[in-house]
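The structure appears below as structure tokens.
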Amino acid sequence: MDAAQWDERYRASAGGVWATQPPAVVREIAATLSPGTAIDVATGDGRTALWLAGRGWACTGIDFSSAGLALAAARPGGDAVTWTTADVHDWEPAAPVDLVVSCYLHLPDSAAAVSRIADWVAPGGTLVVLGHDVENIAAGGHGPTDPTILYAPELLRGALDERFRIERCERVTRTSADAELRDGHATAAVDTLLHAVRE
């Protein structure tokens, strides 16, 4: 989907598309970190950026959907986040940050995109990437069904260079209690998680 299609989806939603909380595994990892500067890539309607800002992070949320960002900015705490309409292929931060999070950014060039956003992590900083795994199709979980844009551990691991120490790169199962959509979904989903630290 392009930006115009995402704008249409957000405008048609009743207050937002995604769940109000970030995925549980993202919250678990971020909760172990001292707040600093952060970028939430493909923030959508802002759930991860808002959660980080609420815990003391100076967060920038970027997305190419202005309609999604409008929903995000209108939420409680929305004024604590810097919302930026931008494409991950073109945008650059003013300086590297302590945490870069990307949840469910699926592109034809996903490995290159992950490699690019990894450059935004400052030395000593953390990268967290989570997305639908290619095995999610057979599992019947919610999400895209085009295998060419889905993740696998080897794809995300291969996107990083020797500057990064990989803490975790594995498939994780997300239950309906940790639904991606605001109105939930009944089936468990298979995701790929990458958690890495820049040396």
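The values are calculated or read from the model by the stated rules, or taken from the named source; none is laboratory data. Every value quoted in this text rests on a predicted model; they were computed, and no experiment measured them. Using ideal geometry, Cβ is built from the backbone for each residue, glycine included, and neighbour counts are taken over all protein chains shown. Surface areas here come from the heavy atoms of the whole protein model, side chains and all, with no ligands, DNA or RNA. Shrake-Rupley method; radii C 1.70, N 1.55, O 1.52, S 1.80 Å.
Spin-label model, A31/A95: points 7 Å from Cα along the beta carbon direction are separated by 3.0 nm.
For the pair A139 and I166, a Förster radius of 35 Å applied to the C-beta separation gives a FRET efficiency near 0.90, rounded to the nearest 0.05.
How many percent of Cα pairs in the stretch 86-128 exceed 17 Å?
Numbers: 241 of 903 pairs.
Taking all Cα-Cα pairs of the stretch 86-128, the fraction more than 17 Å apart is 27 percent.
Projecting label points 7 angstrom from Cα along Cα→Cβ for A58 and A86 puts them 1.5 nm apart.
For the stretch 50-89, the mean projected area of the C-alpha convex hull, equal to one quarter of the hull surface, is 2.6 nm². Distance distribution note for the stretch 99-199: the fraction of Cα pairs above 24 angstrom is 22%. Computed over the stretch 59-151, relative contact order equals 24 percent, with contacts defined as Cα pairs under 8 Å that lie 6+ residues apart. Taking all protein chains into account, the per residue accessible area for the chain stands at 44 Å² (1.4 Å probe). Just the protein heavy atoms count here, and of the accessible area of the chain at 1.4 Å, carbon and sulfur take up 52 percent. Could you tell me what fraction of 2.2 N^0.38 Å the Cα radius of gyration of the stretch 61-116 comes to, as a two-decimal ratio? That ratio works out to 1.21. Close amide-amide hydrogen proximity is noted between F164 and E199, each under 5 Å apart and 5 or more residues distant or on a separate chain (H modeled in the peptide plane; Pro and chain starts excluded). When only the Cβ of Lys, Arg, Asp and Glu is charged (+1, +1, -1, -1), the dipole of the chain relative to its Cα centre reaches about 540 debye. When H89, H106, H132 are compared by accessible area at a 1.4 angstrom probe, the order from most to least is H89, H106, H132.
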